[in-house]
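I have placed the structure first, in the form of C-alpha cells, so that the comments after it can refer back to it.
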Amino acid sequence: MHAVDGVSFDLDEGEALGLAGESGCGKTTTALSLMRLLPYNGKIVSGSILFRGRDLVKVSDLRIRKIRWKEISIIFQGAMNSLNPVRNIGQQIAEPIILHEKVDEDEATNRVGELLELVGINRDRRRDFPHEFSGGMRQRVMIAMALACNPKIVIADEPVTALDVMIQAQILELLERLRKELHLSMILISHDLSVMAETCEKVAIMYGGKMMEVGKTVDVFTDPKHPYTQGLVAAFPDIRGQRTMPASIPGDVPSLINPPSGCVFHPRCKFAFDRCTAAEPALAEVTPGRRAACFLYPGVPEVTPRPMTVEAR
Amino acid sequence: MDGVSFDVKRGEVFCLVGESGCGKTTTGKALLRLVDATEGDVFFELPTEEYRRYEELRAGRAPDAAARIDAIRRKYSFSWTEQLAWDTRQILFWLGAVAAAFVLAVGLPALAAAGIPGALVNTGFILGASLLCGLLLGVIGSLPPTRPSARTPTVLALLSILAFNLFPIVAALGWPATLPGAPFDAPGIWATVWGASSFAMLLGVIVAPIAAGAASKIVLARRRETEGLLGVKMRTLRRRLHLIFQDPYESLNPKQSVFEIVSEPLVVNKIAHDPEEIAALVARSLEDAGLRPASEFVFRFPHELSGGQRQRVSIAAALALEPDFIVADEPVSMLDVSIRTEILQLMMDLREKRGLTYLFITHDLGLAWILADRIAVMYLGKIVEQGTAEQVISHPKHPYTQALISVVPSPDPRHLVKRTILKGERPDAVNIPGGCRFHPRCPVAFERCGWSADEVAEELRSLSSGGRLLRIIGIEAQDSRTVTLQMAPGVSAGVAAATLRQIVSENRDSRLALKGVAEIRESGDAIQVTLQSWAEPPLIELGPGNAVACHLVTPPAEAVPAVTA
Amino acid sequence: MGATDAVVRSGVVSPFQASLRVALRRMQEVWARIRHSRTAMVGLAILVFFIGMAVFAPWVAPYGPIDRVADTSNCVPGVTCPLSPPSAQHPLGISEEGADIYSQVIWGSQISLIVGIFSAMVASVLGTAVGLVSGYMGGWVDEVMMRFNDVVLSVPWLVLMIVVAARIGTIDLLGLILVIGLTGWSITARVIRAQVLSVKERLFVERARMIGSSRSHILMRHIFPNAFPLIFANTILTVAVSILSEAVLAFLGLSIYNTVSWGKVINQAIGGGALVIGGNVWWLIVPGLCLVFLVFGFYLFGFALDEILNPRLRRR
Amino acid sequence: MARILKVMVRKGVNAAITIFGIICLNYALLRLMPGDPALSLTPRDPKYQGLAEYNRELFGFDKPPWEQFAIYLQRTVTLDWGVSYRLGLPVFDVLMRDLGWTLVLVGTSTVATIIIGMVIGSIAAQKRGKPFDILSTATGIFLYGMPIFWLGFLLLAVFEKGSIVGHYFTWWPALPSQGYYDDMLGPWSWDGAHLTSAAQHLILPALTLTLGTLAGISLVMRSSLIDVMTEDFVTTAKAKGLSDRQVLRRHILPSGLPPMVTLIALDIAFVIGGAYQVEVVFNYYGIGWETIQAIDNLDFPLLQFIIVVGGVAIVLANLVSDFILLLLDPRIKVT
C-alpha cells in the first residue's frame, strides 16, 4: 500500500509552505518521511529528499540523527501525547540541546529558560510535568522544544488542531513572529485552509496521498486550478462574506488500500472525463509558478511511476 | 455553569457559540438530562402565561412561591427531580437515636451479663439485643441527611462498624478476666455482641437505601398520579428531543449494525413492536438521512462506513423517533471539510421537511454565521451576548464576541483583518473572576468591570519589580477592595502616594487593572489603595431577542414621552 | 471492507434475522482472521489433537484407565514386581499398580480437558458477572465487590483447596471443577471490570442513555457485546490455568478416585521411582509433555485470539 | 503531597480490610463446614491427646461459633497461634523459622526473574517481529504453560547427584538438591562452609522457580513496552535525534516501568504458588514443604495460619507496589 506517492515540493530559506488536505491524505506521512521517522511498518520505497545538496533518504542513520532536530525539527499535533508524561518539560527541552550541542547542564538549563520565555512561559515552570499545563501552553512547550537547537526548518504538523479559536490565534501569531525573528523555514501542515491563508507564502494541496496543486497562496486561493482545490476553497464558510451555505464535494475520501484507478479524485470530480479514469495526471506547470495535476489543462502529462522528491535549500 | 437562560422557538436554528469548556456541551446535555442541572429549569412546551408566572414567582417574595414554582416545575420542567427532603428535626432525632443505640448495643448486654444472674440473661437475649441495635445502627448510618444513593452512608456505616468493633477487641484483649457472677466469661459476651451486631449493621446498610429508595418511589408515584406529567414526561421527552453527538466514530457502538443502531430508540422506548413496522421506520429514517437505498446500509457495521455516512446514521437514529427538537453538539467538527456541507445541508433540508427545531452547539463562528437564525455566545458558563446572526456576527457588541469574530481566519488571503488576540487563557471553572467574568482578558475593560484587590496588587507588584516603584517594599491585598503598600524606612508616605498617583494615572491605559483604583491615600506610614466598586453586568435587553452582558453597553433609553407645555 | 454482498435485497427484515445475520458475519470475519494467524492455527491444531485424543480415548487406548494388565497378587509389599520398562506391548511400560501407562496417558487427557474447560467456564461466568456488575454499577456495590475480590485474589488457594478437600475426605469430578472454578474467577473479574469501566466511558453508551435505554439494556446490548471478545479470549486462557491447577492438585495428592489424570500419573511416576537410575523416565516425561503441549496450545490460541479480537496493538 | 497521602491512606485502609477479609474467610472455610471442628481439626491419635486438649482450650472449639471467632481473632492478633501437632512447637515459631528460608528462595528467584525477564522483554519489544522476538515469545509461552513441579523434576533428573545424565557422563555437574544445606556441616552458623553449601542448595530450586515465572514478566514487559512505543512522544524523541538505545532508556523505560510494578506484585501470588511446588520437589524445608507435611498430618493449627501468612504476604506486596507506583509516576492517577 502506497500511503504517499508523487509528492514533490521545494522550500526556500525563510519561507513558509502550507501542506493542506483532508484526513488520510498522507500529510503526516509526508512530514514523518522528511525526517525518516516512519513507523516500523512503513518505509520510503523510492525518492529523494534534498537538504542542502544532501539526499536525506540515502544518508546513514548516524548522519540523519545528527540532522534531526539540529537542522529539521517538528511540532506534532496533540502536544499532550507528544510530550513524555513522566519527565518534566525542562528535561525534555534540554535533551536535544545536550545531545546535539554537547553543552553542560547549567548552560542547557539556562537555554531552556530563554526558550520558555521566548514562547511566553515563565521559566520557573520548567520543573513542571506536561499534565500540569493547559493545551495551549503544552503547544507552546512543544514550540520551545522545536526551537531548542536553532533548526533551519520547522515542520508544524497540525499545530493548532483541537485548540480553541483564541488559543489557535495566539499560537499562530507566536509561530509567525518566531519565524520572522529567527528566519526559519516552515512547513505548516493543516486540514484547515483558512489557517494557511494567513500564514503561508506557498501552499501544496494533497488528496489521497497525491499532490494536487502547488503554488503561491494568494494565487491558489483566489484562482484555484484543480477541481479539488476549487471545491475545497468553496467549502469554507466566510464569516466576512455572504450568509450562504458553502458548496460541498459529493462523495467520500478514497481509501488508501484500494485507491481508484487513474486520477484519485475522479470519482468525486464533476469535470471528470474518460482519460481521468484511465490514466493518472502528473503534477505539471499549468500557469507560470503554478503546478497542478489535472488533465483539464493542456500539456499535463500522464504519470510515469515516479518517486517522491522534496528539495530544501 | 450558571445563569444560562434562553428560549428556543419552534422551527428555528439556535446556535450556542463559545470556546471549549465554556459550558456549551454541558448546557446541551442538561437539556437532555444527561447531566443533572443543580439548579434552574429546562421547560418544554411551556405556555407563555405559565412562564410569566414562573418568572414573577422567582423574582417576587411570595410566601408560597417555592411551592408554586415546584408545581410548575412538576408539570413542565424535566431538569427537575423531586426530592424527599428531610428536615433538621428529623436529622437531630436520628442522631440522638444513634447515640442511644450505641449505648444499648454495647452497654446493656454487658451490664446485664455482669449484674443480673439467672435465666433471663442468656445467649439468645444478648444475641437478639445486639442484632437489633446493630440493625438500627446500620439503618441510621445509611439514611439521609445524605441521599440514599450517595456514597457517604456506606462510609459512615463502615466507620461506625469500625469504631464500634474496636472497643470489644480492646476490651477482650485487655480484660480477659471473667466477670464475677456472670454466666459467661467476658470474651464470650464481647464476641457475641461483636459478631451479631456487625452482621446486623451490614444488613442495615444494605436494607436502608433500598427501603428508602422504594419509599420515595412510592411517594413520587402518588404525586405523579395526582399532579401531572412527571411520570410520562421523560418518555415523551425522549421521543421529542434528540441529541446528535460530535464524534461519529465513538458515538456508534462498533458491535451494532446500522439496523440495530437506528431501531434501538424505537425498541427501548417501546414505540414500535411489530418487526415490519420497525423495519419500515428504519428504512424511512435512513433514506431521509440520505443513505439510499436503505437496504444497502442496514447490515453494515460502523467501521464499514465513512465518517460522513456514520454521521448520517446518527441523524437517522435521531429521526427514527420523529422528534421536534434536536440538539446537535458540533455535528460536523470531526468531519472533513469537503463533506461537512453535505451534512449541514441535510440537516437544513430536514428542518424544512419535518419541521425540526435545532439547538446547534459549535465553537465555529463561521458555521453559526451560515446556519443560525439566532446565536448565543457563552463565556465561562454564562451567556454574554444573544441575538440574530446578523446582530451578533455583523454588529457584535460584547468585546468577547468582537475578539472571537476577529480571529476567525478567512479563507481569502486578500482579506486581511485586524485581529484582536486576547491575552492568556480562559480561567478555571472553579476560579471564576468576580464582576464581569471576562474582565481579566478584556481589551477594553474599565473601572467598573470587577478588578479585585489581588489583581491590582499583582499589577502594582509587576510595576514595582520593573523598577517603577522604588520606595515601596510591601504590596499586600488587604481585603477584596483595599490594597496596602508598605514604605521603605525613611520615606514619607505623602510623597510616595503622590508618585503612585501619577504612575497609576500614566499607566491606566496600558495596565488595565490600574483602572480599578479609585482612591490612593496615606494612612500613617502606609498607603491605602481603595478600589472601585463593581457589579456583575446583567444581560441587558437591547431589542427584542438581542441582549448583551457588558458594562460598556447601555440599555436603550426609555422612550421619553414628549412633554408638551 | 466486509462483504456487503451479503446484504438483503428486500427492505423488510425482522430484527431477529438481522442480528442473526450480523452474528454470522462477525464470526466469518473472525474465522478469516484466525485462518491468517499462524499462532492461532498452531494452537488450534494442538487443541484438535488433544481433544481428539480425549474423545476417541475408548477406541485409541488399548486398556481402560485403571485396568490391571499385570498380575499383582503375588507381589511382596515394597518389592515392586509389576513395574516394567517400555516394551512393544506396553509402549510406556507398566506402573507400580499394574496399569498400562500408555493407556493411562491417553485417558488422562479426558480429565485434564473436562476439568480445565468446565472449571474455566465456572470461573468465567462468575468472574464476568462480578466484573460486569461491579464495573457498571460502581459506587458501593463496586467497592464491596472489589474488596471481596481482593480477598479472594490474595488467599493462597492451593493450600485452602487441599485443606478443604482433606476435611471433606474425598473429592469427585464436580467437586474438583467447583473448587478450581470458584477459586479462579477473581482475575477474570478484575479484567472484565477494567474493560467495562473503559467501555462505560465511551460515547455510544452515553448515546444509549440519552435514547432512554434502561441500565440492563445498556449492560446487555452495549457493554457486554463490547466486552465479550475479551471475555472469550480470557476464558480460553483460564482453561490453561485450570488445567495446570488440576495437575498441581493431583501432584500434591488431591485427585479423583478411580480415574487418572496426567498430574496423577506424574505423581505415581515419582512414587514409582521414575527418577531412579534405571527407572522408567518416560513415565515422568510423556504425561508432563502432554500437559505442557495442551497448555501451550490453549495459550497460543488464547493469545492469538486476544490479539485478533482486541486489536489494541493494531490500532495505529 | 496531600493527595499522595490521601491515596496512601486509602490504599492502607483497603489493605487492612482485605487482610481482615482473609482472616474471616479462613475461619469460615475451616470451621463452618459440616462436622465438629474440634474433632475434625484434631488427629485422633492418643499421643496427640495433650496437645489436642491444649489447642481445644486455646481456640475454644467447644464454644459457639461467634465466641470461637472472637477467640480466633484475638489469638491471630496477639500472634498466639497454638501448638503444631506434628512438631509440638508453637506455630508462630515454626512459621518464622520456615519463612526465612522461603524468603531466601522466593527472594532470589524473584530478583532473578525480574532482572532477566525485563531484559528479555525489552529486547523482544525492540526487535519486534524479528527472530529473537518470535523465539523468546514462543519459549516464554511454552515455559509459562509448564507445571513448575514437572519442570523441577526434569531439572532434578538432569542435575541431581547420581542423576540419569550424570550416570552416563561423568563430567556432568551434580548439584545438591535436598534441604537447605549439607547436613554433615551440623547446625547452622554464619561461616563460609555453611554459606557456600546453602548457596549450592539454592541453585536448583531457585532456577526452577525462575524459569517457571520468568515468562510472565518478560511477556508483560514486552507488550507493555510495545504499547509505549506506539505513543507519540517516542516519535518525538526519535525526531530529536536520539538513538534507539537512548530513546529506550530515557523515554520508553521510564513510562513503561511504572505499570510493571503493579504487574510484578500481582505475579507474587503466582510465585508463591510455585514456591510450594518447588519446595516439595526439592525437599526445601520452607513454608510450602511444611504445608504439605501439615496436610498429611492434619496439623490444622499450623495450616490455618499458613493461609493467613500467605495472604498477608500477597496483600503487603501489592500495597508496597502501590506505594512505589505513587512515588514513581508523576501522574497520580487513582483508579
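The values are calculated or read from the model by the stated rules, or taken from the named source; none is laboratory data. None of the values given here were measured: they were computed from a predicted structure. Every residue, glycine as well, gets a Cβ built from its backbone with ideal geometry; the counts of neighbours run over all protein chains shown. Surface areas here come from the heavy atoms of the whole protein model, side chains and all, with no ligands, DNA or RNA. Shrake-Rupley method; radii C 1.70, N 1.55, O 1.52, S 1.80 Å.
With the requirement that a residue be open to solvent by 10 Å² or more (accessible area, probe 1.4 Å), within 30 Å of B:Leu16 (Cα to Cα) and touching a helix residue (DSSP H, G or I) at 6+ places or on another chain (Cβ under 6 Å), what does segment B:272-309 give you?
Hits for segment B:272-309 are B:Glu287, B:Asp288, B:Gly290.
Which of the numbered conditions does D:Pro258 fail, given that it passes all the others? Conditions: (1) more than 9 Å from every other protein chain (Cβ to nearest Cβ); (2) touching an Asp or Glu at 6+ places or on another chain (Cβ under 6 Å).
Of everything listed in (1) more than 9 Å from every other protein chain (Cβ to nearest Cβ); (2) touching an Asp or Glu at 6+ places or on another chain (Cβ under 6 Å), D:Pro258 misses just condition (1).
Is it true that some residue in segment B:458-478 is of a type outside the set (Phe, Trp, Tyr), part of a loop (DSSP other than H, G, I, E, B), in contact with a helix residue (DSSP H, G or I) (Cβ under 8 Å, 6 or more places away or on another chain) and closer than 30 Å to A:Ser134 by Cα?
Scanning segment B:458-478, I find no residue that is of a type outside the set (Phe, Trp, Tyr), part of a loop (DSSP other than H, G, I, E, B), in contact with a helix residue (DSSP H, G or I) (Cβ under 8 Å, 6 or more places away or on another chain) and closer than 30 Å to A:Ser134 by Cα, so the answer is no.
Filter segment B:376-422 down to the residues that are touching a residue at least 60 places away in the same chain (Cβ under 8 Å) and assigned to a loop (DSSP other than H, G, I, E, B), then identify the one that is most open to solvent (accessible area, probe 1.4 Å).
The extreme case among them is B:Lys397.
Within segment B:458-467, is even one residue farther than 16 Å from B:Gly524 by Cα, open to solvent by less than 50 Å² (accessible area, probe 1.4 Å) and either basic (Lys, Arg) or in contact with a His (Cβ under 8 Å, 6 or more places away or on another chain) (or both)?
The first filter runs over segment B:458-467 and keeps only residues farther than 16 Å from B:Gly524 by Cα, leaving B:458-467.
Imposing the further condition that a residue be open to solvent by less than 50 Å² (accessible area, probe 1.4 Å) reduces the set to B:459-460, B:462-464, B:467.
Checking the rest, the ones that are also either basic (Lys, Arg) or in contact with a His (Cβ under 8 Å, 6 or more places away or on another chain) (or both) come to none.
No, segment B:458-467 contains no residue that is farther than 16 Å from B:Gly524 by Cα, open to solvent by less than 50 Å² (accessible area, probe 1.4 Å) and either basic (Lys, Arg) or in contact with a His (Cβ under 8 Å, 6 or more places away or on another chain) (or both).
I'd like to check something: does segment A:91-104 contain any residue that is more than 14 Å from chain D (Cβ to nearest Cβ) and at pLDDT 80 or above?
At the first step, the residues of segment A:91-104 found to be more than 14 Å from chain D (Cβ to nearest Cβ) are A:103-104.
If we keep only those that are at pLDDT 80 or above too, we end up with A:103-104.
Yes; the residues of segment A:91-104 include at least one that is more than 14 Å from chain D (Cβ to nearest Cβ) and at pLDDT 80 or above.
Name the residues in segment D:224-265 that are of a type in the set (Ser, Thr, Tyr) and buried (at least 19 other Cβ atoms within 10 Å of the Cβ), would you?
If we filter segment D:224-265 for residues that are of a type in the set (Ser, Thr, Tyr), which is where we start, we get D:224, D:230, D:235-236, D:243, D:255, D:262.
D:Ser224, D:Thr235, D:Thr236, D:Ser255, listed by residue number.
Scan segment D:282-335 residue by residue and report those that are over 30 Å from A:Arg127 (Cα atoms), more than 11 Å from every other protein chain (Cβ to nearest Cβ) and either open to solvent by 30 Å² or more (accessible area, probe 1.4 Å) or without any contact (Cβ under 8 Å) to a residue 12 or more places away in the chain (or both).
Residues satisfying the conditions are D:Asn283, D:Tyr285, D:Trp289, D:Gln293.
Just checking, which of B:Glu304, B:Glu287, B:Glu250 is among the charged types (D, E, K, R) and touching a Pro at 6+ places or on another chain (Cβ under 8 Å)? Reasoning before the result, please.
Numbers: B:Glu304 fails: touching a Pro at 6+ places or on another chain (Cβ under 8 Å); B:Glu250 fails: touching a Pro at 6+ places or on another chain (Cβ under 8 Å).
Only one candidate qualifies: B:Glu287.
How many of the residues in segment B:511-540 are open to solvent by less than 50 Å² (accessible area, probe 1.4 Å) and without any contact (Cβ under 8 Å) to a residue 60 or more places away in the chain?
Total satisfying the criteria: 8.
Scan segment A:99-107 and tell me whether some residue there is more than 21 Å from D:Val247 (Cα to Cα) and acidic (Asp, Glu). Outline the logic, then answer.
Going through segment A:99-107, the residues more than 21 Å from D:Val247 (Cα to Cα) turn out to be A:106-107.
Subset that is acidic (Asp, Glu): A:106-107.
Within segment A:99-107, one or more residues are more than 21 Å from D:Val247 (Cα to Cα) and acidic (Asp, Glu).
When segment A:246-276 is examined, which residues are found to be over 26 Å from the mean Cα position of the chain (by Cα) and open to solvent by less than 60 Å² (accessible area, probe 1.4 Å)?
Within segment A:246-276, A:Ala272, A:Cys276 meet the criteria.
Looking only at residues that are among the hydroxyl-bearing types (Ser, Thr, Tyr) and open to solvent by less than 10 Å² (accessible area, probe 1.4 Å) in segment A:188-237, which one is modelled with the lowest pLDDT? Even if it seems obvious, please write down each step before you answer.
So in segment A:188-237, the residues among the hydroxyl-bearing types (Ser, Thr, Tyr) come out as A:190, A:194, A:199, A:207, A:217, A:222, A:228-229.
Next cut, open to solvent by less than 10 Å² (accessible area, probe 1.4 Å) only: A:190, A:194, A:207, A:217, A:228-229.
Working: A:Ser190: 87, A:Ser194: 79, A:Tyr207: 87, A:Thr217: 88, A:Tyr228: 90, A:Thr229: 89.
That would be A:Ser194.
Quickly run through segment A:101-151 and pick out the residues that are under 24 Å from A:Glu15 (Cβ atoms), touching a helix residue (DSSP H, G or I) at 6+ places or on another chain (Cβ under 8 Å) and open to solvent by less than 50 Å² (accessible area, probe 1.4 Å). Quick ask: steps written out before the conclusion?
Residues of segment A:101-151 under 24 Å from A:Glu15 (Cβ atoms): A:115, A:118-119, A:139-140, A:142-151.
Subset that is touching a helix residue (DSSP H, G or I) at 6+ places or on another chain (Cβ under 8 Å): A:115, A:118-119, A:139-140, A:142-145, A:147-150.
If the condition is that a residue be under 24 Å from A:Glu15 (Cβ atoms), touching a helix residue (DSSP H, G or I) at 6+ places or on another chain (Cβ under 8 Å) and open to solvent by less than 50 Å² (accessible area, probe 1.4 Å), then A:Leu115, A:Val119, A:Gln139, A:Arg140, A:Met142, A:Ile143, A:Ala144, A:Met145, A:Leu147, A:Ala148, A:Cys149 are the ones that fit.
Please state which one of A:Ser60, A:Ser48 is open to solvent by 10 Å² or more (accessible area, probe 1.4 Å) and either under 14 Å from the mean Cα position of the chain (by Cα) or more than 14 Å from chain D (Cβ to nearest Cβ) (or both). Spell out the reasoning first.
Values: A:Ser60 fails: either under 14 Å from the mean Cα position of the chain (by Cα) or more than 14 Å from chain D (Cβ to nearest Cβ) (or both).
Answer to the selection: A:Ser48.
Check whether at least one residue in segment C:226-245 is facing another protein chain (nearest Cβ under 8 Å), within 24 Å of D:Met146 (Cα to Cα) and buried (at least 19 other Cβ atoms within 10 Å of the Cβ), and report yes or no.
Scanning segment C:226-245 turns up at least one residue that is facing another protein chain (nearest Cβ under 8 Å), within 24 Å of D:Met146 (Cα to Cα) and buried (at least 19 other Cβ atoms within 10 Å of the Cβ).
Among the residues of segment B:323-353, which ones are within 13 Å of chain A (Cβ to nearest Cβ) and small (Gly, Ala, Ser)?
B:Ser333, B:Ser338
If I filter segment C:281-301 for residues that are more than 9 Å from chain D (Cβ to nearest Cβ), at pLDDT 85 or above and over 18 Å from C:Pro91 (Cβ atoms), do I get at least one hit?
Among the residues of segment C:281-301, at least one is more than 9 Å from chain D (Cβ to nearest Cβ), at pLDDT 85 or above and over 18 Å from C:Pro91 (Cβ atoms), which makes the answer yes.
I'm trying to understand the selection: among the residues of segment D:109-139, which are of a type outside the set (A, V, I, L, M), assigned to a helix (DSSP H, G or I), open to solvent by less than 60 Å² (accessible area, probe 1.4 Å) and over 23 Å from C:Ile266 (Cβ atoms)?
First, pick out the residues of segment D:109-139 that are of a type outside the set (A, V, I, L, M): D:109-110, D:113, D:117, D:121-122, D:126-133, D:136-137, D:139.
Subset that is assigned to a helix (DSSP H, G or I): D:109-110, D:113, D:117, D:121-122, D:126, D:131-133, D:136-137, D:139.
Right, trim to open to solvent by less than 60 Å² (accessible area, probe 1.4 Å) and you get D:109-110, D:113, D:117, D:121-122, D:133, D:136-137.
Within segment D:109-139, D:Thr110, D:Thr113, D:Gly117, D:Gly121, D:Ser122, D:Asp133, D:Ser136, D:Thr137 qualify.
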